[in-house]
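Some notes on the structure that comes next.
The values are calculated or read from the model by the stated rules, or taken from the named source; none is laboratory data. These numbers were taken from a predicted model, which means no experiment stands behind them. Cβ placement follows ideal geometry from the backbone for every residue including glycine, while neighbour counts extend to all protein chains displayed. Protein only, heavy atoms only, side chains kept; ligands, DNA and RNA dropped before computing areas. Shrake-Rupley method; radii C 1.70, N 1.55, O 1.52, S 1.80 Å.
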Amino acid sequence: MAEGVDGVDRHRIPVGGSSPYDVLVGPGLRTGEILAEAVGAAAGNAAFGATGAAAILTDSNVGPLYAAGLARSLRSAGMDVLETVEVPAGEGSKSLEIYAEVLGRLARVGLSRNSVLVALGGGVIGDLGGFVAASYLRGIGFVQVPTSLLAMVDSSVGGKVGVDLPEGKNLAGAFLQPRAVVADTAMLGSLSGREVSCGLAEVLKMGLLSGGDFYRDLSLLEPARAGDRGALLTLVAHSVRFKAGVVEADERESGRRAILNYGHTIGHGLEAAAAYSLAHGEAVGLGMRAAARLSEKRFGVELAAEQDELLGAAGLPLGTKGVEPAAVLRAMGRDKKRRSGDGGHRFVLLEEIGRPVWDVPVSEEEARLAVEEVVE
Ligand SMILES: NC(=O)c1ccc[n+]([C@@H]2O[C@H](COP(=O)([O-])OP(=O)(O)OC[C@H]3O[C@@H](n4cnc5c(N)ncnc54)[C@H](O)[C@@H]3O)[C@@H](O)[C@H]2O)c1
Ligand SMILES: [Zn+2]
């Protein structure tokens with residue numbers, strides 16, 4: 001529900017489960033007392049006052065834009081910001097080396113047990129920061145201030161944190177629910193157009209899985225892509241509410257949470273086969289395109305044409321060149337999320353919009369035809 005406080009529209013979305021927390025969404029939250037309150041509460045302060053110690057983790061793109069303002073507003077609310085750790089922007093920072101470096105920095109400033117790590121950045125910073133917060137002194141408070149659209153709608157909700165290994169992505173990690181997520185949608189103004197489109201791929205995915213009002217509001221993809229603040233706010237709030245509902249019912253991904261992998265089976269294969277020249281959201285968009293065609297064949301649903309239009313509205317490509325379908329299928333075979341023992345694949349498909357099914361067996365031949373739909 002949107003509440004107007006201080007003349008600012010914002011949403012407070014509760015996430016239930018083993019360790020409930022709120023996701024706050026709205027423009028301008030990073031400098032308001034809301035943030036200080038959330039961080040103060042995360043420090044375990046019964047009086048809900050913003051006292052206690054905190055450290056900020058950020059990256060080299062986001063830090064120069066927002067870290068000083070964030071630290072200032074925490075300090076003016078009485079918090080002791082002991083350190084701002086800035087790591088190089090990019091997936092390369094989700095590594096054991098950087099993880100160890102960040103732990104060392106926190107130890108050297110003497111961050112104590114009942115302090116808070118604030119992750120200010122995209123999914124890389126949220127995943128890395130969460131793993132640091134889960135393990136430093138066996139666990140300290142963790143607050144996410146997601147700054148990319150992908151982090152606001154996807155990675156900051158659900159509690160999966162971790163780093164990559166040379167052997168593969170996200171191979172070391174933990175489940176850690178943050179104590180709060182503060183998503184200031186005004187920060188999206190400095191995000192590149194490509195990053196916005198990639199975040200919109202996950203928004204579109206969840207709108208299709210959800211159906212209903214969220215699906216209808218996908219008409220806001222185009223204005224959101226153009227930077228319309230109201231459209232972005234509405235779509236972020238829908239996405240967080242949807243993802244929260246899915247993950248709180250299945251925190252450890254033993255069942256329905258798998259629907260969030262719509263478009264990701266072929267998407268992951270494309271990402272790997274294109275040697276990561278396709279961004280994640282672009283690959284997922286193509287994967288959804290292939291999954292829509294499989295859904296049409298399997299269930300007779302009419303989906304692909306409408307979904308293509310929405311992909312276009314989000315600014316996502318409808319095809320890619322120079323990728324070998326065989327390489328995509330090989331990479332899909334290595335994907336850790338694949339669970340079929342019979343040489344085939346398991347897909348999330350849509351029986352209709354708002355009615356996903358998961359663990360659907362798809363033969364190697366069907367998968368190859370689907371991949372060929374999106375590679376030229
Ligand atoms: N934990 C989960 O459940 C989950 C879910 C999905 C993705 N992920 C992870 O998230 C990561 C991808 O996240 P991402 O796309 O946010 O990547 P990212 O953190 O690398 O951010 C993308 C780029 O945008 C920049 N940036 C972020 N916010 C900005 C802003 N407001 N203004 C200007 N620049 C900004 C970053 O510096 C970076 O260069 C991957 O590592 C992926 O594995 C995790
Ligand atoms: Zn994704």
* To do: Just name the residue that is farthest from M206 (Cα to Cα) out of those in the stretch 233-254 that are open to solvent by 20 Å² or more (accessible area, probe 1.4 Å) and of a type in the set (G, A, S).
  => S254
* **Hits in the stretch 246-265 (condition: in contact with a helix residue (DSSP H, G or I) (Cβ under 9 Å, 6 or more places away or on another chain) and more than 16 Å from ligand 2 (Cβ to nearest atom))** => A249, D250, E251, G255, R256
* Asked: What are the residues in the stretch 95-123 that are open to solvent by 10 Å² or more (accessible area, probe 1.4 Å) and either closer than 26 Å to L149 by Cα or of a type in the set (S, T, Y) (or both), if any?
  -> S95, L96, I98, Y99, S112, G122, G123
* **Members of the stretch 111-168 found to be assigned to a loop (DSSP other than H, G, I, E, B) and more than 10 Å from ligand 1 (Cβ to nearest atom), listed by number** => L111, S112, R113, N114, S115, G139, I140, P166, E167
* Asked: Restricting attention to the stretch 102-110, does a residue exist that is within 16 Å of ligand 1 (Cβ to nearest atom) and farther than 23 Å from I34 by Cβ?
  -> yes
* Could you list, in sequence order, the residues of the stretch 320-331 that are assigned to a loop (DSSP other than H, G, I, E, B) and open to solvent by 30 Å² or more (accessible area, probe 1.4 Å)? -> K321, G322, E324
* Identify all residues within the stretch 267-306 that are open to solvent by less than 10 Å² (accessible area, probe 1.4 Å) and either within 16 Å of ligand 2 (Cβ to nearest atom) or not assigned by TED's automatic domain parsing to the domain that holds R330 (or both); write none if there are none. => G267, G269, L270, G281, A283, V284, G285, L286, G287, M288, A290, A291
* Answer yes or no as to whether G162 is within 16 Å of ligand 2 (Cβ to nearest atom), surrounded by fewer than 24 Cβ atoms within 10 Å (Cβ to Cβ) and within 23 Å of E282 (Cα to Cα). => yes
